[in-house]
Amino acid sequence: DHANGLTGQVVATLLREAAFAGDDGLIAGAIARLRGLAVYRDTVPRGAQTWEIPLHTPDILAAAHLVDAYVLGYEITGEECFLDQARYWAWTGVPFVYLAPPAPGAVGAYSTIAVLGATNWVAPVWIGLPVQWCGLVYADALYRLGRHDPQGPWGQLAGGICAAALQQSYPVSDPDFVGLLPDSFSLEIQGRNGPAINPATVLAPGSRFLGGPWVYDFRALRRHGWLVHAPGEITDLAESASGAAFTVRAWRDGPSWLVVNRVTRAPGVRINGQTVKLSHPQSYDPAQHRLLLQLRATARVELVANGGVR
């Protein structure tokens, strides 16, 4: 079971790319690979950072990849067994999170160590040392799990991890690295260790934590088989026998694109209550079964399966 982190990352990538392509064969193959992760059931997350960590070392990044894969599988199929496994792997990541301040200082709670135990490195030694970018990958997966399991502690954990990441980021008093995330953070001295990391590491989960717009969202409308990809958060989703309606809270005011695939017939479309024709800039590709809609800022989208409009 030593390679479950790397395998989980590969499966999550397959699922994400298959869903974006909307190809039934790719999706079926990716789900089959997800079922194959059952060989790791009831084991320990590890094997995600073998460039510098021994294969057997318990690893929060492995937990993150496995949660990500199983949440995607649940979203696409609706199978409860996948959601159960997402919960299991989410719990395996908790021991890597400092739930209480481990040392004096403002930064400590919800800092995340990367691994438990062995390390190939002499300096730095990763034992007990927060590596927050690993925790942020875990936090992003937890936010997505929390949408389907709101009774769990996932939102609180993810938010705490994001808050700790913001605390650890280089401050405005450091003009050379302001806004960047340190590779690791020494709790005893409250010090940042390089190299400095791109701030986009914090962006996706951090935006959710701060109540800002999401960079990207995905929803599977299983009643009709549609897969929706949005440049922002998808909210207020309602499905019926005739179609679906949802709001896209886009991250920018200018034009952006909504992608809906696995649409076997051209649907009727309303945007903000107005009927729109599927002509430029809107389009429907019957060969690819793909609908492209241009949106601006926040928009309410209604899709009618039979091609009519309510």
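The values are calculated or read from the model by the stated rules, or taken from the named source; none is laboratory data. Being a predicted model, the structure only gives us computed values, none of them experimental. Using ideal geometry, Cβ is built from the backbone for each residue, glycine included, and neighbour counts are taken over all protein chains shown. The area values use the complete protein model at the heavy-atom level, side chains included, leaving out ligands, DNA and RNA. Shrake-Rupley method; radii C 1.70, N 1.55, O 1.52, S 1.80 Å.
Remarks
- Calculated P(r) of the range 56-209 - Cα pairs past 24 Å, %: 32
- The chain, helix-only ellipticity at 222 nm - DSSP H runs n ≥ 4, -39,500 (n - 2.57), divided by all residues, nearest 500: -11000 deg cm²/dmol
- Charge dipole (the chain, unit charges on Cβ, about Cα centre) - positive-most of 3, 156, 301: 301
- Counting charges near residue 182 (Lys, Arg +1; Asp, Glu -1) among other residues having Cβ under 13 Å from its Cβ returns a value of -2.
- Residue 38 versus residue 79: modelled label distance in nm, points set 7 Å from Cα along the beta carbon direction: 0.8
- Calculated from backbone phi, Karplus (6.51, -1.76, 1.60) coupling profile of the range 284-299 in Hz, x at Gly/Pro: 9, 9, x, 6, 8, 6, 10, 10, 10, 10, 8, 10, 10, 6, 7, 9
- Solvent exposure of the chain, expressed per residue, is 44 Å² of accessible area, with all protein chains present and a 1.4 angstrom probe.
- Restricting the range 253-283 to trypsin sites (Lys or Arg not before Pro) in coil, as DSSP defines it, with at most 15 other Cβ within 10 Å: 265, 277
- Label zone at residue 200 (point 7 Å along Cα-to-Cβ), backbone N below 17 Å, the range 243-261: 251-252
- Once the Cα-Cα distance is subtracted from the 0.36 nm per residue extended length, the residue 176 to residue 156 segment shows a gain of 4.0 nm.
- Overall form of the range 42-102 per C-alpha gyration tensor (a/c, 1.5; a/b vs b/c): oblate
- Shape analysis of the range 160-310 yields a ratio of the Cα radius of gyration to the Kirkwood radius, Rg/Rh, of 1.16.
- Within a Gaussian network of the chain (alpha carbon springs, distance under 10 Å), most fluctuating of 205, 95, 195: 195
- Around residue 125: net Lys/Arg minus Asp/Glu count, Cβ-Cβ under 15 Å: -3
- Using every pair of distinct Cα positions in the chain, the Kirkwood expression returns a hydrodynamic radius of 20.7 angstrom.
- The reciprocal of the average 1/r between distinct C-alpha atoms defines the Kirkwood hydrodynamic radius, which for the range 180-222 equals 12.6 Å.
- Residues of the range 187-215 with an amide N closer than 17 Å to a point placed 7 Å from the Cα of residue 103 along the Cα-to-Cβ direction: 187-195.
- Extension gain from residue 91 to residue 216, taking 0.36 nm per residue of separation minus the Cα-Cα distance: 42.5 nm
- Neighbourhood charge, 14 Å Cβ-Cβ cut-off, centred on residue 265 and excluding it, Lys, Arg +1 and Asp, Glu -1: +1
- Here the dipole of the chain is about 1040 debye; that uses its Cα centre as origin and unit charges on the Cβ of Lys and Arg (positive) and Asp and Glu (negative).
- Taking the accessible area of the chain, probe 1.4 Å, and keeping the other protein chains in place, the carbon and sulfur fraction comes to 57%.
- Extent along the principal axes, Cα only, for the range 4-132: 52, 27, 27 Å, with the longest axis given first.
- Placing +1 on each Lys and Arg Cβ and -1 on each Asp and Glu Cβ, with no other charges, gives the range 1-58 a dipole about its Cα centre of roughly 120 debye.
- Think of the chain as having a plus end and a minus end, set by charges on the Cβ of Lys, Arg, Asp and Glu; of 260, 110, 54, 260 sits farthest toward the positive end of this dipole.
- Kyte-Doolittle mean at least 0.0, axial Cα span of 15 Å or more - DSSP H helices of the chain: 4-21, 24-36, 60-77, 154-168
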